[in-house]
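Working notes, structure below.
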Amino acid sequence: MEKMKILVAGCGSIGLRHLRCLTRRDDCRLMACDSNPAVGTQIKEIHPEILFFDDYQKALAAVPELVIVCTPNEMHEKFATEAFEAGAHVLCEKPVAHTIESGERIVAAAKRTGKVLAVGYTERFRPAFGYILEKVRSGDLGNLTGGRSMVGSYKTLMCAKSDFRSHTFGVILADFTHELDMLQAIFGQAADVACKANTLAQKKLSAQPSMVAMLLEYCSGATVSIHFDYVQHPQRRIIDIYGDKQTLVYDMEANTVTVFDEERPEPEVFSFPCERDTLFEHEHENMIRAIRTGTPVMVNGEQALRSLAIAEQAVNMLKD
């Protein structure tokens, strides 16, 4: 089988991780593109045979079969739609776009050109999350009544290589759309959202806002409370799922799922492996298989739009 030509567009930390993971495959030829020519040195250190471009149009002229878009959110539409028009499939980092209208144009371009669009919600590939979805689908939890999702992280600000979080209003909701996507996979489509926020944190690094509290009601009637903040240290990341037969507590930092059942006196705790590179590798395999065989991608454009719609609605509430 001929090797697939894959272009990574945007070579920040996530783009470079995609490249590193892809070098472990023997069925692809890699290209990279970034407007900063100095990045080419870093890319050659990953693998000397990666072809580097500092111009996107020249990169597309090399006819990649797949483009992985890792640019800033507001540039996703340009890079994705131009890739589709050039005949490439697209794996776009989350969120799919910076606005619903922009995301809808990306989805429309994929449909118009008949190309595969996947959105990079890598947390879906966690083994623990697969276990949770199977528990939900099997009916072990009974009727889902609601849940709780929380991320508390000062580390996200500390690890950032730019200060865009300090001056981009509502970026916390774009950062944590992973949670909105996972909740959609568990509870289905959201019907209503309420949102409050504050900027009370007086730390060296801050964001606007630094804390968000949301309440989501799903079409099923299940209600989920959400807490996102850029304040807590150490980092915490938890999803609770409440059913009338069982309750699950998913600790994403410890990579454990605790199952509570009223018919058992003690909870059961299950541990799962979770290497970040492995999630990207599974994502690449899912995308390449979708292109070659037509199997579904893990998260398609329509699903990504639903998560983006919740985030955008919440941001608009905070602006009013």
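Normalised by 2.2 N^0.38 Å, where N is the number of residues, the C-alpha radius of gyration of the range 10-132 stands at 1.07. Inverting the pair-averaged 1/r between distinct Cα atoms of the range 126-226 gives 15.2 Å as its Kirkwood hydrodynamic radius. May I ask for the angle, rounded to the nearest 10°, between helix 13-22 and the longest principal axis of the chain, with both axes built from Cα atoms and the value confined to 0 to 90°? The two axes meet at around 70 degrees. Of all lysines in the structure, the ones whose alpha carbon falls short of 23 Å from that of Lys44, not counting any fewer than 8 places away in one chain, are Lys3, Lys5, Lys58, Lys161. I need to check one value: relative contact order of the range 221-320, counting alpha carbon pairs closer than 8 Å and at least 6 residues apart, in percent. Across the range 221-320, relative contact order equals 11 percent.
Along the axis of the charge dipole computed for the range 181-320 (Cβ charges of +1 for Lys and Arg, -1 for Asp and Glu, origin at the Cα centre), the listed residues Ser210, Gly221, Met287 are led at the positive end by Ser210. Remark: the range 108-169 is approximated by an ellipsoid whose semi-axes, taken from the C-alpha gyration tensor as √(5λ), come to 30, 25, 12 Å, largest first.
Heavy atoms of the protein chains alone define the surface here; on that basis the chain has 47 Å² accessible area per residue at 1.4 Å probe size. Taking Cα atoms only, the orientation of helix 76-85 departs from the longest principal axis of the chain by about 50 degrees. I need to check one value: relative contact order of the chain, counting alpha carbon pairs closer than 8 Å and at least 6 residues apart, in percent. This gives 18 percent for the chain. Candidate cross-link partners of Lys94 among the lysines, defined by an alpha-carbon separation under 16 Å and a same-chain spacing of 8 or more, comprise Lys78. Does a label point 7 Å from the Cα of Thr199, set along Cα-to-beta-carbon, have any residues of the range 156-170 with amide nitrogen under 14 Å, and which are they? The answer is 165-170. The portion of the accessible surface of the chain made up by carbon and sulfur, rounded to a whole percent, is 51 (1.4 Å probe; DNA, RNA and ligands excluded). Computed from backbone phi with θ = phi - 60° and the Karplus coefficients 6.51, -1.76 and 1.60, the 3J(HN,Hα) list for the range 94-106 is 6, x, 4, 7, 8, 9, 4, 4, 5, x, 5, 5, 5 Hz; x is used for glycine and proline. A crude spin-label estimate for the pair His167 and Gln208, with each label 7 Å from Cα along the Cβ direction, gives 1.0 nm. Between Asp192 and Asp277, the C-beta separation translates, for a Förster distance of 45 Å, into a calculated FRET efficiency of about 0.75.
Students often forget the sequence filter, so: which lysines lie under 23 Å Cα-Cα from Lys135 once same-chain residues fewer than 8 apart are removed? Output for Lys135: Lys245. The string of couplings for the range 151-166 from the Karplus curve (6.51, -1.76, 1.60, θ = phi - 60°) is 10, x, 8, 8, 4, 4, 6, 5, 8, 5, 9, 9, 9, 5, 5, 7 Hz, one whole number per residue in order, with x for Gly and Pro.
Taking a ≥ b ≥ c as the square roots of the eigenvalues of the alpha carbon gyration tensor, the range 20-62 is oblate, as a/c is not under 1.5 and a/b does not beat b/c.
What angle do you read, to the nearest 10 degrees and between 0 and 90, between the alpha-carbon axis of helix 276-293 and the longest principal axis of the chain? Approximately 70 degrees, to the nearest ten. For the pair Lys58 and Arg306, a Förster radius of 35 Å applied to the C-beta separation gives a FRET efficiency near 0.50, rounded to the nearest 0.05. Dividing the convex hull volume of the alpha carbon atoms of the range 71-151 by its residue count gives 145 Å³ per residue. Using the Cα coordinates of the range 183-290, the gyration tensor eigenvalues translate into equivalent-ellipsoid semi-axes of 26, 22, 19 Å, sorted from longest to shortest.
The values are calculated or read from the model by the stated rules, or taken from the named source; none is laboratory data. No experiment lies behind these values; they were computed from the predicted model shown. Glycine gets a Cβ as well: all are built from the backbone with ideal geometry, and neighbour counts include every protein chain shown. Note: areas computed on protein heavy atoms with side chains; ligands, DNA, RNA excluded. Shrake-Rupley method; radii C 1.70, N 1.55, O 1.52, S 1.80 Å.
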